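The values are calculated or read from the model by the stated rules, or taken from the named source; none is laboratory data. Note that the coordinates shown come from a computational prediction; the quantities given were computed from them, not determined experimentally. Glycine also receives a Cβ, built like all others from the backbone with ideal geometry; neighbour counts cover every protein chain displayed. When the accessible area is computed, the model is the full protein with side chains, heavy atoms only, and any ligands, DNA or RNA have been set aside. Shrake-Rupley method; radii C 1.70, N 1.55, O 1.52, S 1.80 Å.
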Amino acid sequence: MKEGLQLQLQTLPSDPGVYRYYDKNGKLLYVGKAKNLKKRVLSYFNKNQVGARTRIMISKIERLETTVVNSEYDALLLENNLIKEHQPFYNVMLKDDKSYPYIVIKNEHFPRIFLTRNKIKDGSEYFGPYAKVRPAKVLLDTIKHIYKIRSCNLNLSPEKIAEGKYKRCLEYHIKNCEAPCEMFENEQEYDLKVDAVRGIIKGDFKKATNYLEIQMQKFASNLEFENAQNIKERLETLENYRSKHTVVNPNIDDVDVFGMTSDESAAYVNYFKIRNGNIIQSFTTEIKKILEESDEDIMEEALIEIRQKFESTSKEILLPFHLSVEIPNVKIYVPKVGDKKRILELSEKNAKEYRIEKLKQVQIVDPERHTNRIMAEMQKLLRMPAEPRHIEGFDNSNIQGTNPVGACVVFRDGKPSKKDYRIFHIKTVEGPNDFASMEEVIYRRYKRMLDEDESLPQLILIDGGKGQLSSAVKSLKLLGLYGKITIIGIAKRLEEIFFPEDPIPLYLDKSSETLKILQRVRDESHRFGVKHHRTRRKNSTIKSELEEIPGVGEKTIELLLNKLKSVKRVKESNIETLEEILGKVKAKVVWGFFNGN
């Protein structure tokens, strides 16, 4: 370690703050925050606590700088700002430079309401931003269907209207506007509509519903039933929109929800903004892992970044796990039951669906990266010393011990390598004994691989539970391979993963790609074994019928089957055909056996 850096480490403060690592060229490598600067920074230089990628970064550090702040939350904010400003190579970032749309209510007489990406400080009200344009457009279309809001760019000040400069346009005649330009609608009535619209955008439908009900009653009192019916239809449109967007208890108001799922290479974070039980905003993003960042570290960064992006001022946040950081005047909850738990689960489901979608895209565009990610995931979940690039799966097949075979299938990089498949005819086991059969097959397979100096697999998968696994382990121990190759068993009923000398099975998520590959290997070994067992049984049945013919041996049977292909065709053959194959003497014996002579 550099002498200057060593001195800095010894004099670090124990306060909350931000630390920055620089290389020999003065380039910023990494920005981090800490509740205790000394404790956090020193942890990087403990080789037992950091991974390989972090060690690479540490080797480049020439100097560090720190900034002390009042609280961990202040440190988180400062870290976020520095990352956005300098974009250090080793920091995770929400790499998203899109300009998102807003719904704006203009600061003008008879305000227009429309979609925009340009936020101008002119006193207008901006709602959003919206992560996707379509939901915002659906909302605007619903509003325009219910309320007649003007769409023109005219300056409708009282003075201009009084001058009589404007005339009703087509929008009035097709009943999309009440023509405030000719004072067919006064500003007070128009503002009531805008106030109701403001409530809908915020997820509060009470004002909008009250406004329409008053209008409907007014028309009905004046016997204007056609207009009253029109208002009733608008109420139904509003209720239809509300019912589609109300996902939880309407009493859950002004809440931010963050769901997350992650794998070895990235985390996927979903954000919901909830108002009056409605999801009024939804956003999901992928955050690449650069160092060995934990889910908690990534969630802290994402929470601040996304709340800033969507200008959230919610005083309540729902998360799937606790964070060490505290946000002033904001309550963070990890719900366990009830409506809040259900909305959190919905957010996590969105994150998982987004991850699946991204992975499918990667599989098409970059299959090598897709394979590398799955191999890394399998290594971690199955507690392996190396990635399982070469997997071999085994299964036995027999009926009451007859015609037993053992099947070995080979997968390379998660895909079947059929040219490497092998079938073993059981030689040393009498009767139905799966355990002994498995022991024989494993011993024969790896004894030969050792004798021929072939590369061994990183993973052996046994189709069966503890008994079959124990039998396979015996053979590996005899060969001196136990501990050098990872070996596991998979039991079909509950998809339990068994490890040697571990009584408690591992249960993988049903949607896990690791489990799916293990299932494929297991199913393929079963299919391959059953196929060859049936072939052997069929051949055995055929041969047994021909073996009943006196004076006919195995070579004669093989000659007949090679030429005529089946016992049926042997039976139907005339004496001349049989003589051509076997000669006169044996042909007479075979023909006589099947024809009663």
>> Looking only at segment 190-222, filter to residues that are surrounded by fewer than 16 Cβ atoms within 10 Å (Cβ to Cβ) and charged (D, E, K, R); which one of those is farthest from PRO135 (Cα to Cα)?
In response: LYS218
> Can you find a residue in segment 399-420 that is open to solvent by 10 Å² or more (accessible area, probe 1.4 Å), assigned to a loop (DSSP other than H, G, I, E, B) and over 21 Å from PRO388 (Cβ atoms)?
Replying inline: yes
> Out of (1) open to solvent by 50 Å² or more (accessible area, probe 1.4 Å); (2) part of a strand (DSSP E or B), the odd one out for GLY489 is which?
Replying inline: (1)
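Going through segment 308-364 one residue at a time, which ones are part of a helix (DSSP H, G or I) and open to solvent by less than 30 Å² (accessible area, probe 1.4 Å)?
Listed by number, the residues that qualify are ILE343, LEU344, SER347, ALA351, LEU359, VAL362.
When you go through PRO432, PRO388 one by one, which is the residue that is touching a Pro at 6+ places or on another chain (Cβ under 9 Å), in a loop (DSSP other than H, G, I, E, B) and in contact (Cβ under 8 Å) with a residue 60 or more places away in the chain?
On the way: PRO432 fails: in contact (Cβ under 8 Å) with a residue 60 or more places away in the chain.
Matching residue, one of PRO432, PRO388: PRO388.
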> Which pairs have Cβ atoms under 7 Å, sit 6 or more apart or on different chains, and link a residue in segment 319-333 that is closer than 13 Å to ASP256 by Cα to one that is open to solvent by 30 Å² or more (accessible area, probe 1.4 Å) and among the β-branched types (Val, Ile, Thr)?
Replying inline: LEU319/ILE332
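So which residues in segment 492-509 are assigned to a loop (DSSP other than H, G, I, E, B) and either closer than 21 Å to ARG373 by Cβ or modelled with pLDDT of 90 or more (or both), if there are any at all? Give the derivation first.
Quick first cut of segment 492-509, residues assigned to a loop (DSSP other than H, G, I, E, B) only: 492-495, 500-501, 508-509.
Those that are assigned to a loop (DSSP other than H, G, I, E, B) and either closer than 21 Å to ARG373 by Cβ or modelled with pLDDT of 90 or more (or both): PRO500, LEU508, ASP509.
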> Can you name every residue in segment 160-182 that is surrounded by 15 or more Cβ atoms within 10 Å (Cβ to Cβ) and either touching a residue at least 24 places away in the same chain (Cβ under 8 Å) or aliphatic (A, V, I, L, M) (or both)?
Replying inline: ILE161, ASN176, CYS177, GLU178, ALA179, PRO180, CYS181
>> Residue pairs, Cβ under 7 Å, 6 or more apart or interchain, first in segment 535-558 and closer than 21 Å to VAL585 by Cα and among the β-branched types (Val, Ile, Thr), second open to solvent by 60 Å² or more (accessible area, probe 1.4 Å) and at pLDDT below 75. List them.
In response: ILE557/LYS543; ILE557/GLU547
> Can you name every residue in segment 430-484 that is surrounded by 14 or more Cβ atoms within 10 Å (Cβ to Cβ), more than 25 Å from MET375 (Cβ to Cβ) and charged (D, E, K, R)?
Replying inline: ASP434, GLU439, GLU440, ARG444, LYS447, LYS466, LYS474
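Tell me which helices (runs of 4 or more DSSP H) are completely within segment 86-197 and hold 1 or more residues being of a type outside the set (Lys, Arg) and under 30 Å from TYR19 (Cβ atoms), or say none if there are none.
Working: elements: 133-146, 158-162, 170-173.
In segment 86-197, there are no helices (runs of 4 or more DSSP H) which contain 1 or more residues that are of a type outside the set (Lys, Arg) and under 30 Å from TYR19 (Cβ atoms).
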>> Testing GLY393 on (1) out of contact with any Gly (no Cβ under 6 Å at 6 or more places or on another chain); (2) in a helix (DSSP H, G or I); (3) not basic (Lys, Arg), one condition comes back false. Which one is that?
In response: (2)
> Which condition breaks for GLU368 when tested against (1) surrounded by 12 or more Cβ atoms within 10 Å (Cβ to Cβ); (2) under 27 Å from PRO416 (Cβ atoms); (3) out of contact with any Pro (no Cβ under 8 Å at 6 or more places or on another chain)?
Replying inline: (1)
> For segment 255-310, how many residues are modelled with pLDDT of 85 or more and of a type in the set (Gly, Ala, Ser)?
Replying inline: 6
> If you check GLU296, GLU236, GLU305, which single one turns out to be in a helix (DSSP H, G or I), open to solvent by less than 40 Å² (accessible area, probe 1.4 Å) and farther than 22 Å from LEU359 by Cα?
Replying inline: GLU305
> Restricting attention to segment 269-292, does a residue exist that is closer than 30 Å to GLY199 by Cβ, in contact with a strand residue (DSSP E or B) (Cβ under 8 Å, 6 or more places away or on another chain), acidic (Asp, Glu) and open to solvent by 30 Å² or more (accessible area, probe 1.4 Å)?
Replying inline: no
> Inside segment 510-526, can you point out the residues that are modelled with pLDDT under 90 and either farther than 17 Å from GLN468 by Cβ or not in a helix (DSSP H, G or I) (or both)?
Replying inline: LYS510, SER511, SER512, GLU513
